[in-house]
Structures are given as structure tokens and as C-alpha cells.
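Let me begin by presenting the structure, written as C-alpha cells, before commenting on it.
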Amino acid sequence: MLGTGYLGATHAVCMASLGFEVLGLDVDPTKIERLAAGEVPFYEPGLEALLRKTLSSGRLRFTTSYEEVAEFGDVHFLCVGTPQKENEYAADLDYVYAAVMSLAPLLTRPCVFAGKSTVPVGTAERITMRIHEAAPAGEAVEVVWNPEFLREGFAVDDTLHPDRLVFGVTSERGEQAMLDAYAPVISGGTPVVVTDLATAQLVKVAANAFLATKISFINAMAEVCEATHADVTKLSEALSHDTRIGGRFLHAGLGFGGGCLPKDIRAFMARAGELGVDQALTFLTEVDAINLRRRARMVDLARELLDDSLSNRRIAILGAAFKPNSDDIRDSPALDVATRLHQAGAEVAVYDPAAMDNARVRYPDLNYAGSTLEAAQGAHLVLLLTEWLEFREVDPAVLAEAVTSRNIIDGRNALDPDRWRHAGWTYRALGRP
């Protein structure tokens, strides 16, 4: 595994659990030391126990040496990040090409180079050219593309029991290598789609663009519902019974964030522009805009509940991660809202079950609490911004004893409005009366 971040570490552990000999590489020695000691450097349910089990089996090791990787690997999975470029929509491929050009000159025998990183279409073809030019083994190095579809919080199950496997190949040899590498998974009935390199690179970004569009669609309907005093949750429920639409990702709220959807749809738009088909994806500009408007609307709702004044008002922020069951704060809607409120003069207190350490490093100017009740102590307003089970199940009567004013905004439409109103709370939510 080239790269042992979220994708690479998860894939390394899971492939070792399937019986393969696995070597994970990273240029960060601290990360390698932690993984080798059985410690996962991020929050993912079930992964640390599986890491320790596979380390004990002897099938999993970690290294910082490309020479060791080149000697060891029959299949090299590229698992490095492709973040958004600063001040641009395009993807930053520096980590991709650094890994490729560090490994390629050391490849002296036939092997497979399998890309898993989410890259702009056309990247795999350029990687193929670079490897064939730089590797002593030349064209005996087979390049394939095998996009990842992990959901944070469910990554282990998504790796061991994926809903599909996609192999972008240029030869039967490459296809067979992937079939062999995933034989234990395929034997469980996982569908396999074999296609060309270009199509395989498009699958992940197309999937993310569709999901983002569906989320922003229902959030756009929430805007209409707010203007007409309709209830977006009932609208969503009615739409979900239409089998052509379905209910998944049709849940209105604060919108999407994280390290994938936002940057992937922007990189998709940037690549479409380079290809001269930018008009095909202009709708994604509005998808992105709708998503960001939900964050601004949350701040507006806070102002409404606090008589248009945020200055010196204490606001409890429940949630920092971009989604529950994760400590990932990349493009976190919760922390975006918290920052906006802080900059408007409010005294915010943030609590999250898993993402506190990451949040403190990235947002040191915010105040943090050690529990839900501590965050709510003396608050004039409570905002639920990440729908952790802990927050969904909080007792409104117990929380009422901590706050100064019983005002709550449900940014994820995760709470029962009647239950909170019966406990004396003023309840507001995005897209609801």
C-alpha cells in the first residue's frame, strides 16, 4: 500500500485479514511507528482491533522504504491523497506523482500498479507512461485502476464486503491480477465491473457528484419549505416512496462536507473545463452553492432565536466531525458554522465524541468542552450539527437543567420536535415550520 492514510491503512489491514502478505508504506515515520505499534492514527470503528490481529498474524508490516516495497510487492496499490489545490478547484496530484516516481525506478520485475486514489480522468494514462519510461521492468509493470468507495464509519465492512468492485484494465493480465487480489471478496458475491482506464477513473467522481446532487436537491427543497412553511422531512418521506427516487441521501440538513464530496465535485468541474465539456457539469456549481448556503442559513436561524444579536451569547455546538462515527474535520459544516458564530461575537463551546483533538489543532480560537452537558452549561442556544447517536438520544429535560435558555436548532433533522417542545424547548430546524 503506497500511503497509509485513511484509505491505505484500511485497505492494508483488510487485505491482510483476507490472508494476503501486506506491506504498508508512508513517508511519515511517525505514522508508520504508530501503525506498527497497533495504533490507528484516526477514528474508524473496528479498524484498530483488526490492525492488531493482522499484525500478530505476521501478514502485515509497515515501512518507509520504497526499496523494500519494490522488492516485496506483486501488486502495488496507490492510496495517497488528492486534496484540492489552494485557491483552485483542481485536484493536487503532487502526492500521486511523488509516489509513482519514487517507486517506478525501482521496479525491476513484472508487477501490477493499481490506482485507488480518486484522480481526474486521464491521470492513469499519464501514470502508465511515466512508469513504463522510468521502470527497468518497462511495460512488464501493468497499470490498472481500482477506485475506492469507502464510507467513513463503515470502512472495514465496505472493504471486506463492498457493493461493487471496479477494475479499469488494458489487458487480460491486469484483469486477472485484480480478480486474484480480490478473490476472497468476489467469492462472497460482490459484483465486478471490468472496464477501461478512463471509465474506471470516472466512476468515483460520478458517484460523488450524484450523491452531492441528491443531498443538495433536498436541501434546495428545504429552502422552498422554509419560504412556504412546509415540512421538508415529510416531503422527503413522501418522495422516498417513489422507487425511481428512493430515500437514501434524501435527508435535508446542514449539508455535506468531509475530504471527498466537496473537493471531488470541484475537481470534476475543473477537469471538465480542461476537456472542453465544462457545460456538462455547470449544475455542480449550484450543487456546491446550495450546500454552502445551508451553513449560512444555520447562522441566520441562530440570530433569529437570539433576537438578532450574537454578541456575548453562549452557544453550545454539538458536533465537530463532518459526520458521525468519524474524527474527520475536513470541510466540516459544524466547525464552519461554529467559526462563523465565533467571528460574529458569540461565545461557542464545541463538543464532539471523537474529533476534539483534530478540531483543537485546526481551530484553536474556538472553546471546547468535555461533554454535552459541559458544552450546554449556561448556553442561550444549542446547535446539533453532527448527528452522533449520543446527541440524538440526549434527554431534553436533563439538558434543560444546564442551559440558560431552552433554544435548540436541529441542523440535521435528527431529533423529535414534539419531544423537545413538550420539554419546554423552542425547537427550530432547517426546512421545517
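The values are calculated or read from the model by the stated rules, or taken from the named source; none is laboratory data. Because the structure is a prediction, the values reported are computed rather than measured. For neighbour counting, all protein chains shown are included, and Cβ atoms are generated from backbone atoms with ideal geometry for every residue, glycine included.
In this structure, does Asn413 turn out to be surrounded by 19 or more Cβ atoms within 10 Å (Cβ to Cβ), on the phi < 0 side of the Ramachandran plot and among the polar types (S, T, N, Q)?
The answer is no for Asn413.
Yes or no: Arg295 touching a Pro at 6+ places or on another chain (Cβ under 9 Å), assigned by TED's automatic domain parsing to the domain that holds Val224 and not aromatic (Phe, Trp, Tyr)?
Taking the combined requirement at face value, the residue satisfies it.
Would you check if there is a residue in the range 188-196 being outside the structural domain of Glu125 (by TED's automatic domain parsing), surrounded by fewer than 18 Cβ atoms within 10 Å (Cβ to Cβ), out of contact with any strand residue (DSSP E or B) (no Cβ under 7 Å at 6 or more places or on another chain) and not acidic (Asp, Glu)?
No, the conditions are met nowhere in the range 188-196.
Of the residues Leu292, Leu310, which single one is over 24 Å from Ile218 (Cα atoms) and either without any contact (Cβ under 8 Å) to a residue 60 or more places away in the chain or hydrophobic (A, V, I, L, M, F, W, C) (or both)?
Leu310
Given the options Ile317, Ile329, Ile290, name the one that is in the same structural domain as Phe210 (by TED's automatic domain parsing) and assigned to a helix (DSSP H, G or I).
Result of the check over Ile317, Ile329, Ile290: Ile290.
Residues that are among the hydrophobic types (A, V, I, L, M, F, W, C), in contact (Cβ under 8 Å) with a residue 24 or more places away in the chain and in a strand (DSSP E or B): does the range 169-192 have at least one?
yes
Would you check which residues across the range 233-254 are within 20 Å of the chain's Cα centre (by Cα) and crowded, with 16+ Cβ neighbours inside 10 Å and list them?
The answer is Leu250, His251, Ala252, Gly253, Leu254.
Scan the range 173-180 and give yes if some residue there is out of contact with any Gly (no Cβ under 8 Å at 6 or more places or on another chain), basic (Lys, Arg) and over 23 Å from Thr10 (Cβ atoms), otherwise no.
To start, the set of residues in the range 173-180 that are out of contact with any Gly (no Cβ under 8 Å at 6 or more places or on another chain) comprises 173-180.
Within this subset, residues satisfying the condition of being basic (Lys, Arg) are 173.
Going one step further and asking which of them are over 23 Å from Thr10 (Cβ atoms), we end up with 173.
Yes, the range 173-180 contains at least one residue that is out of contact with any Gly (no Cβ under 8 Å at 6 or more places or on another chain), basic (Lys, Arg) and over 23 Å from Thr10 (Cβ atoms).
Against the definition (among the polar types (S, T, N, Q) and closer than 30 Å to Leu254 by Cβ), how does Thr195 come out, yes or no?
no
Just checking, which of Ala207, Ala222, Ala230, Ala212 is closer than 28 Å to Ala12 by Cα, of a type outside the set (Asp, Glu) and either more than 24 Å from the chain's Cα centre (by Cα) or modelled with pLDDT of 95 or more (or both)?
Among Ala207, Ala222, Ala230, Ala212, only Ala207 is closer than 28 Å to Ala12 by Cα, of a type outside the set (Asp, Glu) and either more than 24 Å from the chain's Cα centre (by Cα) or modelled with pLDDT of 95 or more (or both).
For the range 135-168, give me each residue that is in a helix (DSSP H, G or I) and either aromatic (Phe, Trp, Tyr) or within 30 Å of Ser326 (Cβ to Cβ) (or both).
Ala155, Val156, Asp157, Asp158, Thr159, Leu160
Take residues that are out of contact with any Pro (no Cβ under 9 Å at 6 or more places or on another chain) and modelled with pLDDT of 95 or more and tell me which of the strands (runs of 3 or more DSSP E) falling wholly in the range 342-421 contain 3 or more.
Here the list reads 347-351, 381-384.
Mind checking which pairs have a first residue in the range 96-115 that is closer than 16 Å to Val169 by Cα and a second that is of a type outside the set (Gly, Ala, Ser) and surrounded by fewer than 17 Cβ atoms within 10 Å (Cβ to Cβ), Cβ under 8 Å, 6 or more apart or different chains?
Once the first residue is closer than 16 Å to Val169 by Cα and sits in the range 96-115, its partners that are of a type outside the set (Gly, Ala, Ser) and surrounded by fewer than 17 Cβ atoms within 10 Å (Cβ to Cβ) give Cys111/Asp74; Val112/Asp74.
When only residues in the range 84-134 that are among the hydroxyl-bearing types (Ser, Thr, Tyr) and in contact with a strand residue (DSSP E or B) (Cβ under 9 Å, 6 or more places away or on another chain) count, which is nearest to Met1 (Cα to Cα)? Before the answer, list the steps.
We begin by selecting, within the range 84-134, every residue among the hydroxyl-bearing types (Ser, Thr, Tyr); these are 89, 95, 97, 102, 108, 117-118, 123, 128.
Of the ones still in play, those that are also in contact with a strand residue (DSSP E or B) (Cβ under 9 Å, 6 or more places away or on another chain) are 102, 117-118, 123, 128.
Numbers: Ser102: 14, Ser117: 11, Thr118: 15, Thr123: 19, Thr128: 18 Å.
Restricting to residues being among the hydroxyl-bearing types (Ser, Thr, Tyr) and in contact with a strand residue (DSSP E or B) (Cβ under 9 Å, 6 or more places away or on another chain), the top hit is Ser117.
In the set Met1, Met15, which member is under 23 Å from Pro147 (Cβ atoms), surrounded by 17 or more Cβ atoms within 10 Å (Cβ to Cβ) and not assigned by TED's automatic domain parsing to the domain that holds Pro162?
Residue meeting the stated conditions: Met1.
Yes or no: the range 262-270 includes at least one residue that is outside any loop (DSSP other than H, G, I, E, B), at pLDDT 95 or above, within 19 Å of Leu385 (Cα to Cα) and within 23 Å of the chain's Cα centre (by Cα).
yes
Those residues that are among the basic types (Lys, Arg) and in contact with a Gly (Cβ under 7 Å, 6 or more places away or on another chain), I need them from the range 37-55; list them, please.
Passing the criteria: only Arg52.
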